[in-house]
Amino acid sequence: MDSLYPAVKHIHMTFIALSVLFFIVRFALHMKQSPVMDKKFVKVAPHIIDTLLLLSGLVLCFLIKQYPFQDAWLTEKIGAVVAYILLATIALKANRNKLFKSFAALGALAWIVYAAKMAMFKQAILMG
């Protein structure tokens, strides 16, 4: 099982990169009010990417035998990911002005950077 860890970690990190990159691209298209945002691929792809991201994260939890609500750093990482998702949703869907949406997008990216820090150091900051 341990031999799977590097491959699953690589897959997980790839989906993280795809998720963040796709969010940035969609946000830029949204701000330009591009008709590309109405394409089926642009609407469906984030759900597929994020589902595979979540599944690879769950597999990693089992491989390293660390679990949310048991290990503080992982609980904190999940909280940061939830904050990323909420702010990204606000940035893309809220009926607000561009400045507000830009701050939401920057906040989303800040939370995902924080989640990456949790994953790298495996030490809780807020809950530790």
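Quick notes on this one:
- Subset of the range 91-100 (residues that are more than 17 Å from Phe22 (Cβ to Cβ) and not small (Gly, Ala, Ser)): Asn95, Arg96, Asn97, Lys98, Leu99, Phe100
Every residue, every condition in (1) among the aliphatic types (A, V, I, L, M); (2) over 30 Å from Leu4 (Cα atoms), yes or no:
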| position | (1), (2) |
| --- | --- |
| Arg26 | no, yes |
| Lys32 | no, yes |
| Leu55 | yes, no |
| Cys61 | no, no |
| Leu74 | yes, no |
| Ala105 | yes, yes |
| Ile112 | yes, no |
| Leu126 | yes, yes |
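- The residue that is farthest from Ala17 (Cα to Cα), among those in the range 103-128 that are assigned to a helix (DSSP H, G or I) and open to solvent by less than 40 Å² (accessible area, probe 1.4 Å), is Ala104.
- No other residue among Leu18, Leu92, Leu99, Leu87 is loosely packed, with under 13 Cβ neighbours inside 10 Å, part of a helix (DSSP H, G or I) and at pLDDT 95 or above apart from Leu99.
- The range 43-82, residues that are surrounded by 16 or more Cβ atoms within 10 Å (Cβ to Cβ) and of a type outside the set (A, V, I, L, M, F, W, C): Pro46, Asp50, Ser56, Gly57, Pro68, Asp71, Thr75, Glu76, Lys77, Gly79
- Top-ranked residue in the range 60-84 [being among the charged types (D, E, K, R) and assigned to a loop (DSSP other than H, G, I, E, B); ranked as farthest from the chain's Cα centre (by Cα)]: Lys65
The values are calculated or read from the model by the stated rules, or taken from the named source; none is laboratory data. Only a predicted model underlies this, so the values are computations on that prediction, with no experimental measurement involved. Cβ atoms come from the backbone with ideal geometry, glycine included; neighbour counts cover every protein chain shown. Each accessible area value is taken on the protein alone, full model and side chains, heavy atoms only, with ligands, DNA and RNA left out. Shrake-Rupley method; radii C 1.70, N 1.55, O 1.52, S 1.80 Å.
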